[in-house]
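Visitor: Before I ask anything, here is the structure I am working with.
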Amino acid sequence: MKKIAFFDAKPYDKPSFEAYGKRYGFDFTFFEAKLNEDTVSLTQGFDGVCVFVNDTVNAAVIERLYGYGIRVVALRCAGFNQVDLAAADGRITVLRVPAYSPYAVAEHAMAMLLTSIRRIHKAYIRTRDFNFSLNGMTGFDLHGKTVGVIGTGRIGRVFIDICRGFGMNVIAYDKYPADDPSIRYVTLDELFAASDIISLHCPLTEETYHLIDRNTLSKLKKGVVIVNTSRGALVDADALLDGIKERKIGAACLDVYEEESEWFFSDYSGHIVADDVLARLISMPNVIVTSHQAFLTEEALDNIAETTVGNLRAFFDGDVLQNEVRLHAAGV
Ligand code: NAD
């Protein structure tokens with residue numbers, strides 16, 4: 001039985017991974033700690049490592065893993081920006097789960113958008129306190145609004161379909177546009193200028209880092225709603241906060257945050273949160289933050305475990321690796 005060190009483990013991870021592990025001969029040890037330079041020594045004696053979005057797989061960690069004889073890192077997520085692929089190249093095989101439920105993330109993006117613009121987050125709190133006043137609750141129709149979708153891959157395209165169902169005018173930008181005449185592609189600047197809502201569905205790469213920054217903000221429509229369910233660092237959080245204070249940004253729906261690895265997935269209620277930008281964003285009435293929750297559906301968890309275990313099986317059996325992440329593929 002192959003021994004796999006599973007980092008950043010949460011209670012909701014265990015049932016599906018234990019079930020698939022048992023079925024296919026993998027013994028998962030669940031560590032609550034994130035993988036980083038301080039915790040990498042825990043992997044000694046294991047055959048492989050399984051990590052999530054906020055684990056650190058940088059050059060120093062890869063060096064140590066390699067030294068311990070580990071030759072495979074299985075990401076149980078789609079994004080791979082947390083891995084130094086150059087350092088891993090030719091030494092450690094990196095596998096990922098390219099798709100597990102694009103519906104989970106796209107539906108969450110729409111859930112956040114609707115919550116925000118119809119003030120559901122406010123209504124929930126008000127009516128629990130028997131406050132049935134509607135003052136300050138005016139929203140706007142999505143029907144007829146222009147939504148700019150950046151990244152038209154699996155999730156972006158599901159989101160486009162959902163928006164079409166609402167009667168929205170969809171425009172899109174993708175560095176590698178899909179061969180789909182039904183999608184109206186525009187330049188990034190055209191998208192910035194025309195969109196009432198912008199939803200980000202592209203990966204985090206050197207090119208997309210701070211895609212929304214101070215410079216971009218100046219190009220946006222006043223009152224624009226920004227939805228980010230992709231990766232935090234696509235948006236310069238300081239610039240976003242200033243844009244909200246200046247009332248340029250009408251609302252922000254954030255499932256991801258630039259510095260989320262410090263905070264997300266853990267309970268800090270009762271603690272002093274030292275991140276002033278995050279605390280200020282959360283204090284805003286027109287900002288909704290969920291803690292990287294978009295993927296979290298039963299269907300997605302099952303698919304993640306099945307694909308991750310399938311990836312590990314293929315690696316240890318010497319089969320073709322369908323879901324390997326290679327250096328030359330980074331940014332694609
Ligand atoms: P995908 O690979 O199917 O699609 C990504 C799209 O982005 C592709 O069409 C690609 O051409 C495009 N793209 C690449 N570089 C670009 C650039 N510079 N500018 C514009 N577009 C560019 O990926 P997906 O499955 O749709 O996932 C999209 C992103 O969602 C992932 O990268 C990941 O960061 C994020 N994600 C978040 C969660 C969550 O729980 N919040 C879950 C899964 C994925």
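The values are calculated or read from the model by the stated rules, or taken from the named source; none is laboratory data. As the structure is a prediction and not an experimental result, all values here were calculated from the model. A quick note on method: Cβ atoms are made from the backbone with ideal geometry, for glycine too, and the neighbour counts reach across all protein chains shown. Side chains included, ligands, DNA and RNA excluded: accessible areas come from the protein's heavy atoms. Shrake-Rupley method; radii C 1.70, N 1.55, O 1.52, S 1.80 Å.
Visitor: Can you spot the lysines whose alpha carbon is less than 17 Å from Lys34's alpha carbon? Ignore those fewer than 8 places along the same chain.
Guide: Hits, sequence-local ones excluded: Lys10, Lys14.
Visitor: Right, next: Eigenvalues of the Cα gyration tensor times 5, then square-rooted: what semi-axes does that give for the stretch 254-317, in whole angstrom, largest first?
Guide: Calculated on Cα positions only, the semi-axes equal 33, 13, 10 Å.
Visitor: Cross-link list Lys3/Lys175; Lys122/Lys245; Lys175/Lys219: which exceed 29 angstrom alpha carbon to alpha carbon?
Guide: Among Lys3/Lys175; Lys122/Lys245; Lys175/Lys219, the Cα-Cα distance tops 29 Å for Lys3/Lys175.
Visitor: Run the quick spin-label model on Lys222 and Asp276: label points 7 Å from Cα toward the beta carbon, then report their separation in nm to one decimal.
Guide: Once both label points are built, they end up 2.8 nm from each other.
Visitor: Expressed as a whole percent, how much of the Cα-Cα distance distribution for the stretch 1-84 exceeds 16 Å?
Guide: Cα-Cα pairs in the stretch 1-84 separated by more than 16 Å: 47 percent.
Visitor: At q = 0.07, 0.08, 0.15 Å⁻¹, what is the log10 ratio I(q)/I(0) for the chain, with the Debye formula run over Cα points and no solvent?
Guide: So the normalised log intensities are -0.31, -0.40, -1.27.
Visitor: Moving to a separate point now. Work the Kirkwood hydrodynamic radius out for the stretch 122-210: mean of 1/r over every pair of different alpha-carbon atoms, inverted, in Å.
Guide: Hydrodynamic radius (Kirkwood, Cα only) of the stretch 122-210 equals 14.8 Å.
Visitor: Run the numbers for Phe140 and Arg313: contour at 0.36 nm per residue of separation, minus the present Cα-Cα distance, in nm.
Guide: Stretched out fully, the Phe140 to Arg313 stretch lengthens by 57.3 nm.
Visitor: Still on this model: Over the chain, what percent of the accessible surface lies on carbon and sulfur atoms, probe 1.4 Å?
Guide: Exposed carbon and sulfur together represent 49 percent of the surface.
Visitor: How far is it, in nm, from the label point at Gln44 to the one at Ser283 when both lie 7 Å from their Cα along the line to the Cβ?
Guide: It is 4.6 nm.
Visitor: Given Ile272, Ala193, Leu211, which one lies farthest toward the positive end of the charge dipole of the chain, if we put +1 on the Cβ of every Lys and Arg and -1 on the Cβ of every Asp and Glu?
Guide: Ala193
Visitor: Could you give the length gained by full extension between Ala33 and Ala19, i.e. 0.36 nm per residue of separation minus their alpha carbon distance, to one decimal place?
Guide: That pair, Ala33 and Ala19, stretches by 2.9 nm at full extension.
Visitor: Set the Förster radius R0 to 45 Å, insert the Cβ-Cβ distance between Arg118 and Leu327 as r into 1/(1 + (r/R0)^6), and round the FRET efficiency to 0.05.
Guide: Given R0 = 45 Å and the Cβ-Cβ separation, E is 0.50.
Visitor: Another question, then. Compute the distance from the alpha-carbon center of the stretch 169-185 to that of the stretch 255-286, in whole Å.
Guide: First find each Cα centre; the distance between them is then 34 Å.
Visitor: Listed highest first by mean packing, meaning other Cβ atoms within 10 Å per residue, what order do 315-321, 151-157, 269-275, 291-297 come in?
Guide: The peptides rank, most packed first, as 151-157, 291-297, 315-321, 269-275.
Visitor: Specify which residue in the list Ala88, Met110, Phe17 is farthest towards the positive end of the charge dipole of the stretch 9-130, using unit charges on the beta carbon of Lys, Arg (+1) and Asp, Glu (-1), about the Cα centre.
Guide: It is Met110.
Visitor: Could you point to the residue in Gly165, Phe130, Ile155 farthest towards the positive end of the stretch 116-175's charge dipole, with +1 and -1 charges on the Cβ of Lys/Arg and Asp/Glu respectively?
Guide: Phe130
Visitor: Using 1/(1 + (r/R0)^6) with R0 = 30 angstrom and r between the beta carbons of Asn215 and Asn58, what's the FRET efficiency to the nearest 0.05?
Guide: The calculated FRET efficiency here is 0.55.
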